[in-house]
Amino acid sequence: MQSTSIQVSHSLRSDHYVDNKIYSDPAIFKIEQEKIFKKVWKFACCESEVPNKNDYRSLSVAGVPLFVARSPDGKLRAFVNSCSHRGAKIVDVPRGNARELECPFHRWTYNTYGECTTIPREEAFASAGIDKSKCGLPEVRCESLHGLVFVNLDQEAKPLVEWLGGCLEIFDDLFGKAELEVFHFHEQVVKSNWKHWQETNMELYHEYLHVLNRQTSMREPAYFKRKWRGYSGGHATLDPLVVDYSKMKGMKSRGGYELPGLQPNEFRLVDIFPDVMLNCRATVMRIDTQMPISPSETLVQFRGLGVKGEPADVRKARLRDHAEFWGPFGRNLPEDQFAAERQTETMKGEATPISLMAREEDNMTQDDFPIREYYREWSALTGLNPADPRPAATGA
Ligand code: FES
Ligand SMILES: [Fe+2]
């Protein structure tokens, strides 16, 4: 690796930095798609987005278009969203409901069991031994926990619950007491490497970026003392914190309609490898997930969740709380985008060779422990050393 003054002068430990090529090298991006996104459980949607028979929700994993559907027997299943005839994409909208999904090209149809149900003028395929009973869509694994639906392209992967390794326990109080539903969804193509986005959810030293965080959570005496906990699989959780949001001018305390199982104004966080974050700020749960497009472009999806069936006035208050922090024009989320894009921009030109993850604070809030754990898993799956990935990536 190209040496830098900071590296030379400090003789850095190899797990205290990453080579910035991991954010810009197309060969590494391809390895990530094949060895991470085609192997791990990928958050797809919430069950509340597909509540009825024949509801479906589309997504893409490692470039493979998929859709999750609730079959008439009530079970959730996931299929490759590509026609068995000549490969055209079948579902081309984010979500919908249909007993029959029709490919627009030659009008083959499929039901939500993935079975092919119609082939126009099918008889001409007979001499080739083709009939619709053999033309169903490939099914991929689909499992859910606490209403969170995950898919996996790897038929050999361990079960979802085992892979999560207990990292969702931090939300057991909440999930045990209420059924949540998505009330707000937006997505955005962020001009950043996908890991830069995920790091904004793990590396909390960056909270100096946010005016809002500086004036609220960072003023709490317990803020710096919370501990990170790591889980097998690269996941991490952070101890809860009660935050006085009224310290920020124009903001109100978040009490009275906090999510069940949480205290008023309580913050909880879990990061799920490789691309998911669940974050509660008392009244709202935010879920992030990502669909990397290229080394420097990522589709990020943001969901806001509240309690299913709650009164309209409470829902309105939750919506306001969500938008205040995490909406497209919120006080927090756009600042993360600003920072992540500035990182990726410099790294495209290889302006800076390394990024530090060298903070050691007994695993407390601004310790880089969660990103070191994250890159340990990244390395195990890709076979690359994040501090020196180029030789393995290029085969040099
Ligand atoms: S490609 Fe779908 S019907 Fe022909
Ligand atoms: Fe942030």
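None of the figures in this text is laboratory data; all of them are computed from the coordinates on show. Only a predicted model underlies this, so the values are computations on that prediction, with no experimental measurement involved. Don't worry about glycine lacking a Cβ; one is built from the backbone with ideal geometry, like all the others, and counts go over all protein chains shown.
A few notes on this one:
- The label point for Phe125 and the one for Tyr205, both projected 7 Å from the Cα toward the Cβ, are 5.7 nm apart.
- Of the peptides 119-129, 141-151, 357-367, the ranking by mean beta-carbon count within 10 Å, highest at the top, reads 141-151, 357-367, 119-129.
- Selection among Leu238, Gly309, Pro386 by position relative to the dipole of the chain gives Gly309 as farthest towards the positive end (Cβ unit charges, Cα centre).
- Springs between Cα atoms under 10 Å define the GNM used for the chain, and in it the highest mean-square fluctuation of Gly309, Gly230, Gly330 occurs at Gly309.
- When +1 charges are put on Lys and Arg Cβ atoms and -1 charges on Asp and Glu Cβ atoms, the dipole computed for the range 178-382 relative to its Cα centre reaches about 600 debye.
- Loop chymotrypsin sites (Phe, Trp or Tyr not before Pro), the range 293-344, which have at most 15 other Cβ atoms in a 10 Å radius of their Cβ (DSSP): Phe329
- Across the range 20-47, the residues whose backbone nitrogen lies under 16 Å from the label position 7 Å along the beta-carbon direction of Ser294 are 23-30.
- Value in Å of the Kirkwood radius, where the range 178-382 supplies the Cα pairs that are averaged: 17.6 Å
- 17 Å tail of the calculated P(r), the range 138-260, as % of Cα pairs: 73 percent
- Values of log10 I(q)/I(0), in the order q = 0.10, 0.24 Å⁻¹, for the range 45-152 under a Debye, Cα-only, solvent-free model: -0.27, -1.33
- With the highest mean first, a sort of the peptides 383-389, 190-196, 51-57, 219-225 on other beta-carbon atoms found within 10 angstrom per residue produces 190-196, 383-389, 51-57, 219-225.
- Shape call, the range 330-383: gyration tensor on alpha carbons, a/c limit 1.5: oblate
- All Cα-Cα separations within the chain were binned at 20 Å from zero, giving a P(r) of 26, 54, 18, 1, each value a whole percent of the pairs.
- Charge dipole (the chain, unit charges on Cβ, about Cα centre) - positive-most of Met251, Met291, Gln33: Met251
- Proximity of backbone amide H atoms, modeled 1.01 Å from N, is registered between Phe273 and His235, Ala236 at under 5 Å, excluding neighbours fewer than 5 places apart on the same chain.
- Computed from Cα positions, the angle between helix 312-326 and the longest principal axis of the chain comes to roughly 60 degrees.
- Computed from backbone phi, the HN-Hα couplings of the range 330-345 come to x, 7, 10, 4, x, 6, 5, 4, 4, 6, 5, 5, 5, 5, 4, 4 Hz, rounded to whole numbers (Karplus: 6.51 cos²θ - 1.76 cosθ + 1.60, θ = phi - 60°; Gly and Pro given as x).
- Charge tally in the Cβ shell below 13 Å around Arg303, where Lys, Arg are +1 and Asp, Glu are -1, Arg303 excluded: -1
- Rounded to the nearest 20 debye, dipole of the chain from Cβ charges on Lys, Arg, Asp, Glu: 620 debye
- Global geometry of the range 210-266, whether rounded, prolate or oblate, following the gyration tensor of its Cα atoms and the 1.5 cut on a/c: oblate
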